[in-house]
1. As a test, work out the antiparallel percent of DSSP beta bridges whose residues both lie in the chain, rounded to the nearest 5.
2. Output the Cα-based Rg and Dmax of the stretch 315-380 in Å, rounding Rg to one decimal and Dmax to a whole number.
3. Through the Karplus equation 6.51 cos²θ - 1.76 cosθ + 1.60, θ set to phi - 60°, convert the phi angles of the stretch 152-162 into ³J(HN,Hα) values in whole Hz; use x for Gly and Pro.
4. If you project the alpha carbons of the chain onto their three principal axes, what span does each projection cover, largest first, in Å?
5. Roughly how big is the stretch 116-248's charge dipole about its Cα centre, with Cβ charges of +1 (Lys, Arg) and -1 (Asp, Glu), in debye to the nearest 20?
6. Of the listed peptides 121-131, 317-327, what is their order by residue-averaged count of other C-beta atoms within 10 Å, with the highest listed first?
7. Roll a 1.4 angstrom probe over the protein heavy atoms and tell me the percent of accessible area of the stretch 72-155 that is carbon or sulfur.
8. Distances longer than 24 Å among the Cα atoms of the stretch 345-441: what percent of all pairs is that?
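The values are calculated or read from the model by the stated rules, or taken from the named source; none is laboratory data. Please read these numbers as outputs of a predicted model, since none were measured by experiment. Here the Cβ positions follow ideal geometry from the backbone for every residue, glycine too, while neighbour counts run over all protein chains shown. Accessible surface is based on the protein model in full, side chains and every heavy atom, while ligands, DNA and RNA are left aside. Shrake-Rupley method; radii C 1.70, N 1.55, O 1.52, S 1.80 Å.
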Amino acid sequence: MADFDLIVIGAGPGGYVCAIHAAQLGLKVACVEGRETLGGTCLNVGCIPSKALLNATHHLHEAHENFAKMGLMGDAPTVDWEKMQAYKQDVVNGNTKGIEFLFKKNKVTWLKGWGSIPEAGKVKIGDEVHSAKNIVIATGSEAASLPGVEVDEEVIVTSTGALSLGKIPKSVVVIGAGVIGLEMGSVYQRLGAEVTVVEYLDAITPGMDAEIAKNFQKILTKQGFKFVLGAAVQKAEKKDGGASVTYSLKKDDSEHSIDADIVLVATGRKPFTDGLGLADLGVEMEKRGQVKIDDHWATSVKGIYAIGDAVVGPMLAHKAEDEGMAVAEVIAGKHGHVNYGVIPGVIYTAPEVANVGKTEEQLKEAGVEYKVGKFPFMGNARAKAVFQAEGFVKILADKKTDRVLGCHIIGPGAGDLIHEICVAMEFGASAQDVALTCHAHPTYSEAVREAALACGDGAIHA
Ligand SMILES: Cc1cc2nc3c(=O)[nH]c(=O)nc-3n(C[C@H](O)[C@H](O)[C@H](O)COP(=O)(O)OP(=O)(O)OC[C@H]3O[C@@H](n4cnc5c(N)ncnc54)[C@H](O)[C@@H]3O)c2cc1C
């Protein structure tokens, strides 16, 4: 008899959610984790610590920019970087301990150490070998770098180093205008650093609805960000206690360099499957290093599944979690499903940016006839009251059926507002369904309703 029904390798949001849900479904489950703490990239060096720093620095910004406007007088706070770091670590610890508690509550065994799969049905950790009827690979991802850029995590850093800098830098060059680069760039920009973002493409946030990306860039520029677009980074080297980044502009091949205290390499992440022994097992891989899976998250080797950042798809914690839930269902003999068409994406800057479903560019390319309903936060009483009236909600709906096909929001609370449209899309709702739903006043969510109204006879407050 096998020691476990299921061993999950990796305790990030994909792995720990899979382990807990499989245990809820009655399976005997273990989860292997090589880090000292549970929660993976997300809780330790990703979503959670970055949001803690974004939260702290957002309050700092509010105190400096908006408190006096509301009659809140007195000296604006100064920054104690050590204390801010300690606050961030407390948030991380609280969350990682929380997963330990959930493992105990659900009787998931935590196998501590780095695991490998010597053969199907076996997981090896150090000298121990455990047998399992099923194995789920949930080993996540690691930061990708560029040729000519050597990361030391002190001066030339990935997001991991950027979360724990020894002091607040005066200047930062961010290589890559994606989500992580702009979030961490915002943190340091609000702390007073001069932030320059160097991006290979001609627009920021690749893949995002182009109108939103353009507005987002404008707003960030107003906040003090500098952007160098269409620039191919050649190298980044340490220099005089800081670093220098050399890039060439694609338009004329001219070469330039910028010096900064810190260089953040935010050029994306790559799947991490080192040390698992997948090649010896004959597990098929994708060209870009992900584990190849079928529609039920099964790899090419029977009894071995894979989820999360280690497989294709958006590298997002909630996508990993949904796959974790679904594969647990499949292994328990039930039906597991992930709707990849309705996975929201959020950037936690101020204003927040959120999206779900199709962009205008994707609809045009697919030849789908669509209509656009847009509403600016300038027409939203609540947003104006809190000095966050920048941005808008944009709903894309099928021209004939009115079915909601996508939504793109830049504005206050966008990361929460987007879920109304996720639910609407899951139910196959029309824009009119959203427009006919009563929304409490005064809330930011009224802007979503107004955008839905704008898909029909027109918004009221615009
Ligand atoms: C700075 C930053 C901010 C982010 N912010 C967000 C955000 O706001 N929202 C969002 O949705 N996503 C965010 N992400 C992405 C998110 O963190 C990942 O998509 C998510 O963590 C992927 O989950 P996962 O379970 O697949 O893998 P991971 O979270 O990477 O977890 C994998 C775990 O497996 C362990 N492991 C690997 N190999 C082995 C082995 N052989 N044996 C034992 N253990 C092993 C690793 O130690 C790790 O703990 C962010 C990422 C970063 C870096």
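1. Working: 48 of 79 bridges.
Of the beta bridges lying entirely in the chain, close to 60 percent run antiparallel.
2. Over the stretch 315-380's Cα set, Rg and Dmax evaluate to 16.7, 51 Å.
3. 10, 6, 10, 10, 9, 10, 8, 4, 4, x, 5
4. Over the chain, Cα extents along the principal axes are 67, 61, 50 Å.
5. On the way: 13 positive and 16 negative charges, 79 e Å.
Computed about the Cα centre, the dipole is about 380 debye.
6. Numbers: 121-131: 15.2, 317-327: 23.9.
Sorting 121-131, 317-327 by mean packing, highest first, produces 317-327, 121-131.
7. Working: 2710 of 5110 Å².
It is 53 percent, rounded to a whole number.
8. Working: 912 of 4656 pairs.
More than 24 Å apart: 20 percent of the Cα pairs in the stretch 345-441.
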